[in-house]
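The values are calculated or read from the model by the stated rules, or taken from the named source; none is laboratory data. Since this is a predicted model, take the numbers as computed values, not measurements. All Cβ positions, glycine included, derive from the backbone under ideal geometry; neighbour counts span all protein chains shown.
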Amino acid sequence: MRSRTPSDFRGMCSRCYLKLPQCICAWLPIVDTCTEVLVIRHVTEQHVMSNTGRLAALILPNCRIVDVGPDMPFDEAALPGGRSWLLYPGPNPAPTGPAPRCLVVLDASFRRAKRMYKRIEALHRLPQLALQPPEVAPLRLRQPPRSDGMSTIEAIAAGLSLVETSTIGSRLLESYAEFVKRADFAHGRRRGTPG
């Protein structure tokens, strides 16, 4: 994948990456959480319009994105001390004990996320919070390769719904649905009209 140049972003919002007429930034809520969210994003996702880790960070002030890649190894100092749980599909039951201070989520294609998990040893020590996919799949810009797959923002919404309140998760999913509508509209797909 080639890296984008400044000319690729003409007519696009530099925050949400939607075309300026569909920019969602002023519409997005600001949702405060007690739980920090750490998004470990593969560098190839940095400038992808459909990346939902970026969207989550626009909504959640307590969300950080750390980019990793072949020439950008993960710095374990980015993990907060104390209780961190990894949002990752797997058979593990929910961790017991006090709620986490931080939810960690890998932001990449499913195959890349698996490779990231294998390479980042610090993640192997974290309790895993396995999430259930939604019963009815929402409109998405990219379809996951597995039936239990979720976008990054969906995983964050599900995790925060479990450890804090479902209202937080609902606001993230509503924002994602609006983002999908606006992106579809910008690309001439009329699945919905921007609100």
Task: In the stretch 82-118, the residues that are in a helix (DSSP H, G or I), among the basic types (Lys, Arg) and touching a residue at least 40 places away in the same chain (Cβ under 8 Å) - done: Arg112
Task: Total residues in the stretch 19-55, condition under 25 Å from Arg125 (Cα atoms) and aliphatic (A, V, I, L, M) - done: 5
Task: Residue list for the stretch 17-39, restricted to those being of a type outside the set (A, V, I, L, M, F, W, C) and either crowded, with 16+ Cβ neighbours inside 10 Å or assigned to a helix (DSSP H, G or I) (or both) - done: Tyr17, Lys19, Pro21, Gln22, Thr33, Thr35, Glu36
Task: Residues located in the stretch 154-178, provided they are of a type in the set (A, V, I, L, M, F, W, C) and out of contact with any Gly (no Cβ under 7 Å at 6 or more places or on another chain) - done: Ala155, Ile156, Leu162, Val163, Ile168, Leu172, Leu173, Ala177
Open item on the list: Contact list please: Cβ distance under 6 Å, first residue in the stretch 58-81 and farther than 19 Å from Ala108 by Cβ, second residue in a strand (DSSP E or B) and of a type outside the set (Val, Ile, Thr), pairs at least six apart or on different chains.
Closed with: Asn62/Glu36; Pro80/Cys102
Task: Subset of the stretch 159-179 [surrounded by 23 or more Cβ atoms within 10 Å (Cβ to Cβ) and either farther than 25 Å from Gln22 by Cα or in contact with an Asp or Glu (Cβ under 6 Å, 6 or more places away or on another chain) (or both)] - done: Gly159, Leu160
Open item on the list: I'm trying to understand the selection: among the residues of the stretch 40-74, which are polar (S, T, N, Q), assigned to a loop (DSSP other than H, G, I, E, B) and farther than 22 Å from Ala26 by Cβ?
Closed with: Gln46
- [ ] Given the conditions (1) at pLDDT below 95; (2) under 16 Å from Gly53 (Cβ atoms), report the number of the one that Ile156 does not fulfil.
- [x] (1)
Task: Residue satisfying all of: in the stretch 142-153; surrounded by 17 or more Cβ atoms within 10 Å (Cβ to Cβ) and part of a loop (DSSP other than H, G, I, E, B); modelled with the lowest pLDDT among these - done: Gly149
Task: Identity of the residue in the stretch 32-51, of a type outside the set (A, V, I, L, M) and modelled with pLDDT under 95, that ends up nearest to Ile153 (Cα to Cα) - done: Asn51
